[in-house]
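Step one of this worksheet: look at the structure below.
Read the figures in this text as sums done on the coordinates, not as results from a lab. Keep in mind it's a predicted model, so treat the numbers as computed, not measured. FYI the Cβ positions are ideal-geometry reconstructions off the backbone, even for glycines, and counts take in every protein chain you see.
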Amino acid sequence: MLRIGIDCTILGRDRLKFLLKKRQGELNIPDEDLYYAKLKNSPEELSYLVEEIVVPETWFFRDNQPFEYLKSYITNQKLGQSLKFLSIPCSTGEEPYSIAMTVLETGLPVQTFSIEAIDISSKAIHKAITGIYGQNSFRGDFKYQQYFHPVVQGHQLLPEVRKMVSFRQGNIMNRANFPQAHYDVIFCRNLLIYLDTKVARQLMEHLTKTLKVGGLLFVGSAETIHVPQEFFESLNKPFTFAYQKLQPQQKSVKAQTLPVIQKTIASLSVDQKNLIKTDSSKKNESDLIRARKLANLGKLDESILLAQKYLKEFFLSIEAHILLGELYQASSNSSKAEESFLKALYLDPNNVEALNYLLLLKEQKGDPKEVKILKKRLERLKQTQKTS
Ligand SMILES: C[S@@+](CC[C@H](N)C(=O)[O-])C[C@H]1O[C@@H](n2cnc3c(N)ncnc32)[C@H](O)[C@@H]1O
């Protein structure tokens with residue numbers, strides 16, 4: 001595992017080996033130990049390698065729904081109330097600028113909002129500050145052209161939007177970047193998927209501390225497994241992947257059990273519902289909840305065993321199939337993960353979480369045909385959600 005926290009098994013050991021060999025060749029240091037010694041002692045070399053490794057993929061209003069929800073959240077705040085946002089990692093700035101444009105769309109005075117944005121890549125931060133973007137940053141139905149003006153290299157954000165975001169280069173693993181109970185809203189999307197489970201847990205601990213009680217945390221669609229259930233409650237808004245931080249001790253065992261059972265029951269037939277009902281009355285804290293807690297502690301093997309045990313009893317639990325899929329995925333067992341997500345989809349063909357996980361798996365596998373089909377399915381679901 002690298003000092004930046006990225007899991008080599010997810011990044012691909014071969015890709016890492018390739019990058020290291022390439023760099024050794026460029027520097028003419030064929031001896032691996034010599035190169036590692038250089039890497040250990042030279043921050044410049046480490047940051048060079050980081051630039052090669054990181055995945056800066058991002059675009060404006062990525063996923064859309066989180067920003068739609070954010071707009072209503074901001075509008076519903078008390079008039080004049082100040083809000084502090086953090087976008088980490090922010091990559092080349094599309095995410096924090098989307099937050100800025102969302103704030104502007106509310107028509108509220110911008111002085112009451114502060115938006116901080118952090119990324120490990122100096123190149124990405126430099127591009128973000130310049131605010132010039134090409135076609136790749138605008139995907140789907142982009143509705144905010146009024147905040148840009150054309151320049152030779154593409155489109156540049158207007159100065160009034162750029163000055164709403166303060167960017168800095170920083171490592172998410174550095175605790176100094178996390179003042180206590182400071183932010184009202186944190187976007188931490190599409191990094192956790194690349195992290196080693198233990199590192200993801202540490203990072204979530206920092207982020208939990210830095211968020212105010214009642215504050216919101218947004219994660220990526222395939223990252224919900226990393227959100228510590230004992231500190232957060234899902235907002236249950238489709239496609240937002242947003243969580244609210246609870247008061248300490250606020251979440252009772254009942255409250256933890258309910259969303260799981262409710263979500264499962266909602267998608268079942270009457271006969272199936274009768275079967276499931278026995279589950280909720282039987283146990284105060286189900287094996288499923290304990291499995292999730294163990295997963296949050298990084299105890300993947302124990303968690304897998306418990307989830308499997310739970311499924312023997314309650315095979316129709318969509319939640320459990322998804323959890324098991326997430327666990328297999330975190331243990332780099334992609335074929336078992338796929339099997340579990342497919343079982344969840346068999347029970348609920350419109351399950352957004354399972355579809356997103358499957359999409360991620362297919363993207364990682366490099367299966368463009370399946371990726372296209374899954375994206376279409378998700379897009380159709382989004383349209384149905386919008387019109388209903
Ligand atoms: C896929 S982008 C996600 C950007 C944005 N949050 C989004 O969802 O569109 C991942 C970013 O994580 C950054 N990153 C990777 N490791 C990091 C670390 N240890 N600290 C801060 N940023 C990191 C990379 O530089 C890259 O820009």
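Between beta-carbons, use under 15 Å as the cut-off and find the net charge around LEU108, counting Lys and Arg +1, Asp and Glu -1. Provide the component values of the computation, followed by the final result.
Details: positive: LYS71, LYS78, LYS84; negative: GLU105, GLU160, ASP184.
Overall, the nearby charge balance is 0.
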Cα-projected label distance for TYR346 with GLN383, points at 7 Å along beta-carbon direction, nm: 2.9
20 Å Cα-Cα reach of LYS143 towards aspartates and glutamates, excluding residues that sit fewer than 8 places from it in its own chain: ASP63, GLU68, GLU94, GLU95, GLU105, GLU160, GLU379
All aspartates and glutamates inside 16 Å of LYS293 as judged from Cα atoms, apart from same-chain residues fewer than 8 positions distant: GLU205, GLU223, GLU230, GLU233, GLU285, ASP301, GLU302, GLU319, GLU326
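Could you list, in their original order, any pairs among LYS21/LYS372; LYS123/LYS362; LYS309/LYS375; LYS78/LYS237 whose Cα atoms are separated by more than 27 Å?
Details: LYS21/LYS372 34 Å; LYS123/LYS362 29 Å; LYS309/LYS375 32 Å; LYS78/LYS237 22 Å.
From the list (LYS21/LYS372; LYS123/LYS362; LYS309/LYS375; LYS78/LYS237), the Cα-Cα distance tops 27 Å for LYS21/LYS372; LYS123/LYS362; LYS309/LYS375.
So for HIS226, HIS182, HIS149, HIS321, fewest C-beta neighbours within 10 Å to most, what's the order?
Working: HIS226 22, HIS182 15, HIS149 11, HIS321 26.
Going from sparsest to densest Cβ surroundings: HIS149, HIS182, HIS226, HIS321.
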Estimated 222 nm signal from helices in the chain, with DSSP H stretches of n ≥ 4 weighted -39500 (n - 2.57), rounded to 500: -16000 deg cm²/dmol
Distance (nanometres) between label positions extended 7 Å along Cα→Cβ at LYS336 and GLN145: 5.1
Inter-probe distance in nm under a simple model that places probes 7 Å from Cα toward Cβ, at GLU370 and GLU26: 3.4
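If we count chymotrypsin sites (Phe, Trp or Tyr not before Pro) as exposed when they sit in a DSSP loop and have at most 16 other beta carbons within 10 Å, what is the longest stretch of the chain that avoids them all? Numbers along the way, then the final one.
Numbers: sites that count: PHE142, PHE315.
It runs 143-314.
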Under the Karplus curve 6.51 cos²θ - 1.76 cosθ + 1.60, θ = phi - 60°, whole-Hz ³J(HN,Hα) for region 351-356, x wherever Gly or Pro sits: 6, 4, 4, 5, 4, 5
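Which FRET efficiency value, to the nearest 0.05, do you get for LYS198 and GLU160 by plugging their Cβ-Cβ distance into 1/(1 + (r/R0)^6) with R0 = 35 Å? Please list the in-between numbers first.
On the way: r = 42 Å, r/R0 = 1.20.
Efficiency at R0 = 35 Å is approximately 0.25.
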Filter on LYS212/LYS299; LYS336/LYS376; LYS212/LYS382; LYS299/LYS376 - keep pairs with C-alpha separation over 26 Å: LYS212/LYS299; LYS212/LYS382; LYS299/LYS376
Relative pair counts by distance (%), Cα atoms of region 294-350, 5 Å bins: 5, 23, 31, 25, 13, 4, 0
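Test of the criteria: in region 41-114, which trypsin sites (Lys or Arg not before Pro) are in a DSSP loop and have at most 16 other Cβ atoms within 10 angstrom of their Cβ?
Values: sites: ARG62, LYS71, LYS78, LYS84; in loops: ARG62, LYS78.
Here the sparse-neighbourhood loop sites are LYS78.
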Rg/Rh for the chain, where both radii come from Cα atoms and Rh is the Kirkwood radius: 0.97
